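What follows is a single structure, written as structure tokens, with notes after it.
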Amino acid sequence: MSSPDAVKFSLRNYAAVVAILIVLVMTVLDVTVVNVALPVLASDFGVSDSISVWIVTIYQLLITMLLLPVSSVGDLFSYRRTFLTGVTIFTIASAICAASQNFTMIVAARALQGIGAACVMGVNIALTRLIYPRNVLGRGLALNGMVIAIATAAGPTIAGAILSIASWHWLFLINVPFGIAAFLIGRRLLPQNPVKHTKAKFDYIAAVENMLLFGLMFFTLGNYSRNGGSSTTWIMLAAGAIVGTFYIRRELHKEAPMLPVDLFRIKLYTLSIITSVCSFIAQMMAMIALPFLFLSSYGFSSITTGLLMTPWPLATMIVSPIAARFVERHNAGATAAAGMAVYTIGLLLMITLSSTGISEWNVAWRMIVCGIGYGMFQTPNNIVMVTATPIHRTGGAGGMQSTARLVGQTLGSTLVTIVFSIVAGQTFRSVHACLWTAVVFAVIAGVFSVSRKSRPLN
């Protein structure tokens, strides 16, 4: 029987999760609510719609560029301190966003928010692994995924509710009390890093190379989606390839590299990263393309379209914790493969819908199938990825996991733009081309999942 001290210790550790979940909600909501508010912000600051997108882009760009460097900081020094620094930066930046008087000021504040979000995202998985015992780690990762799904689904509704009764400033001010609460809870309850017997120094050159590589990659994809194969696109692509070559060659000879090339020697981890990228491409392509199908081809209203997009994340939210408990005693790789198979079936069911006479229910239950499949896949895949690596490299592994998600989402959105430009003016065919492409990537993700063998957590 557990002693009272052991029970108390466990409760303290589980309570620490509250700090992580609060900040996860804040960082996810900050993308979705700002997306909804972009037209209002563009009007208030007197900029065009295309220029206003920088309010979103700069935030995502800074996160992508800094995830691996801050993960390395967490591995070398302290996940807890990195997390608390990120919460502080994000909270202060939120207040600055709310106080912004011009477009330049809010873009700069959003960049600062991106830095804070990167600090949190870069170490949240590492902290989760330290808090939860291995046999229930899946539940912790599933809880993270469930909270992200809820925030994603609720974001547009929350933004609409706030904007209906208050100004856009409150979209950012609401972060401040939650940020303070997360900092106080985290400072008291978050665990310290495991003791290490060797000391390593932070690699500033690698950090610069990492930021250049992912920054150039992000800009190249964005520029290609807007302007096609322009000279600027090819110049940035060449520059990114050169920086990437030097970066990878330099990291190959390090014991604990910032870009975790050493972890790619672990077959299970490598397969999980590839699977993750492919799955997020498949997810993003469908999530971006389907609203066009609902609005333009099926004739649903904007409100109905928003409601029809909701069953997917809700189904994922419900299924994820069930999948997490299942893989405590069963093979996580096989479970993830089954999930991707169900997701593929969901996409194929969407493709089989005709172009006329579609009811809301016919769409909704197919979206539920997609959500169930993704919920069966996501948490088991994350569990395989995290537990395949040494615990002292969890920061780098977690940072790479988040990077894989961002890369997959960016590639997915870029592919949608390319498909829509190729099949211009034919929405039904364009969306179906995107869904078929998503099926291909989902099948690839499923095949790689089948090839993995991982033991149960117990």
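The values are calculated or read from the model by the stated rules, or taken from the named source; none is laboratory data. For clarity, every value in this text was computed on a predicted model and none was experimentally measured. When we count neighbours, we look across all protein chains shown, and the Cβ atoms used for this are built from the backbone with ideal geometry, even at glycine.
Looking at the stretch 341-378 only, could you name the residues that are hydroxyl-bearing (Ser, Thr, Tyr), more than 15 Å from PHE441 (Cα to Cα) and within 18 Å of the chain's Cα centre (by Cα)? Reasoning before the result, please.
If we filter the stretch 341-378 for residues that are hydroxyl-bearing (Ser, Thr, Tyr), which is where we start, we get 343-344, 352, 354-356, 359, 374.
Keeping just the survivors that are more than 15 Å from PHE441 (Cα to Cα) gives 352, 354-356, 359.
Passing the criteria: none in range.
If we only count helices (runs of 4 or more DSSP H) wholly inside the stretch 83-196, which ones have 1 or more residues that are β-branched (Val, Ile, Thr) and more than 25 Å from THR64 (Cα to Cα)? Step through it out loud before you land on a result.
On the way: elements: 103-131, 137-165, 169-173, 175-189.
Filter on the stretch 83-196 gives 103-131, 137-165, 175-189.
So which of GLY396, GLY412 ends up being in contact with a Leu (Cβ under 8 Å, 6 or more places away or on another chain), closer than 26 Å to SER71 by Cβ and in the same structural domain as PHE294 (by TED's automatic domain parsing)? Step through it out loud before you land on a result.
Numbers: GLY412 fails: in contact with a Leu (Cβ under 8 Å, 6 or more places away or on another chain).
It is GLY396.
Do you know which of the residues in the stretch 387-402 that are assigned to a helix (DSSP H, G or I) and out of contact with any Ser or Thr (no Cβ under 7 Å at 6 or more places or on another chain) is surrounded by the most Cβ atoms within 10 Å (Cβ to Cβ)?
Going through the stretch 387-402, the residues assigned to a helix (DSSP H, G or I) turn out to be 387, 391-402.
With the extra rule that they be out of contact with any Ser or Thr (no Cβ under 7 Å at 6 or more places or on another chain), the set shrinks to 387, 391-394, 400, 402.
Details: THR387: 22, ILE391: 14, HIS392: 16, ARG393: 21, THR394: 26, MET400: 28, SER402: 21.
For the stretch 387-402, the residue satisfying everything is MET400.
Given the condition of a type in the set (Gly, Ala, Ser), in contact with a Ser or Thr (Cβ under 6 Å, 6 or more places away or on another chain) and crowded, with 22+ Cβ neighbours inside 10 Å, answer yes or no: does some residue in the stretch 357-380 qualify? Please lay out each step first, then the result.
Narrowing the stretch 357-380 to residues of a type in the set (Gly, Ala, Ser): 357, 359, 364, 371, 373, 375.
Narrowing the set further to residues that are in contact with a Ser or Thr (Cβ under 6 Å, 6 or more places away or on another chain) leaves 371, 375.
Okay, now just the ones that are also crowded, with 22+ Cβ neighbours inside 10 Å, so 371, 375.
Yes - at least one qualifying residue is present in the stretch 357-380.
Which condition number does VAL319 fail, the rest of (1) touching a Ser or Thr at 6+ places or on another chain (Cβ under 8 Å); (2) of a type outside the set (S, T, N, Q); (3) crowded, with 24+ Cβ neighbours inside 10 Å being met?
(1)
For residues that are in contact with a helix residue (DSSP H, G or I) (Cβ under 6 Å, 6 or more places away or on another chain) and modelled with pLDDT under 85, tally how many sit in the stretch 159-172.
The total comes to 2.
When only residues in the stretch 48-58 that are polar (S, T, N, Q) and in a helix (DSSP H, G or I) count, which is surrounded by the fewest Cβ atoms within 10 Å (Cβ to Cβ)? Show your work before the answer.
Pass one, the stretch 48-58, residues polar (S, T, N, Q): 48, 50, 52, 57.
Now restrict to residues that are in a helix (DSSP H, G or I): 50, 52, 57.
Working: SER50: 9, SER52: 23, THR57: 16.
Only one residue tops the list, namely SER50.
Return the residues of the stretch 227-281 that are in a helix (DSSP H, G or I) and touching a Ser or Thr at 6+ places or on another chain (Cβ under 8 Å); say none if nothing qualifies.
Step one: of the stretch 227-281, the residues in a helix (DSSP H, G or I) are 227, 231-251, 263-265, 267-281.
Passing the criteria: ASN227, THR233, MET236, LEU237, GLY240, LEU263, PHE264, LEU268, TYR269, LEU271, THR275.
Scanning the stretch 342-356 for residues that are among the small types (Gly, Ala, Ser) and exposed (fewer than 15 other Cβ atoms within 10 Å of the Cβ), which turns out modelled with the highest pLDDT?
SER354
Of the residues in the stretch 59-82, how many are under 16 Å from ILE20 (Cβ atoms), more than 17 Å from the chain's Cα centre (by Cα), crowded, with 22+ Cβ neighbours inside 10 Å and not hydroxyl-bearing (Ser, Thr, Tyr)?
Qualifying residue count, the stretch 59-82: 2.
Inside the stretch 114-158, can you point out the residues that are among the polar types (S, T, N, Q) and within 13 Å of LEU24 (Cβ to Cβ)?
Start the filter on the stretch 114-158 by keeping residues that are among the polar types (S, T, N, Q), which leaves 124, 128, 135, 144, 152, 157.
Answer for the stretch 114-158, where residues must be among the polar types (S, T, N, Q) and within 13 Å of LEU24 (Cβ to Cβ): ASN124, THR128, ASN144, THR152.
Any residue at all in the stretch 35-58 that's touching a residue at least 60 places away in the same chain (Cβ under 8 Å) and closer than 14 Å to GLY399 by Cα?
No, the stretch 35-58 has no match at all.
From the residues in the stretch 274-289 that are more than 13 Å from the chain's Cα centre (by Cα) and surrounded by fewer than 24 Cβ atoms within 10 Å (Cβ to Cβ), which one is nearest to VAL342 (Cα to Cα)?
In the first step, residues of the stretch 274-289 are kept if they are more than 13 Å from the chain's Cα centre (by Cα); the result is 274-275, 278, 282, 285-289.
With surrounded by fewer than 24 Cβ atoms within 10 Å (Cβ to Cβ) added as a condition, the list becomes 274, 287-288.
Working: ILE274: 19, MET287: 16, ILE288: 20 Å.
The residue in question is MET287.
Can you tell which of LEU189, LEU163 is more than 22 Å from the chain's Cα centre (by Cα) and farther than 16 Å from VAL34 by Cβ? It would help to see each step written out before you state the result.
Details: LEU163 fails: farther than 16 Å from VAL34 by Cβ.
Being more than 22 Å from the chain's Cα centre (by Cα) and farther than 16 Å from VAL34 by Cβ holds for just one of LEU189, LEU163, which is LEU189.
From the list THR64, THR85, exactly one residue is closer than 21 Å to ASP203 by Cα, free of Cβ contacts under 8 Å to residues at least 40 places away in the same chain and hydroxyl-bearing (Ser, Thr, Tyr). Which is it?
That would be THR85, the only listed residue that is closer than 21 Å to ASP203 by Cα, free of Cβ contacts under 8 Å to residues at least 40 places away in the same chain and hydroxyl-bearing (Ser, Thr, Tyr).
Table: residues versus (1) modelled with pLDDT under 80; (2) of a type outside the set (Lys, Arg).
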site	(1), (2)
TRP365	no, yes
TYR374	no, yes
ARG393	yes, no
GLY396	yes, yes
ARG429	no, no
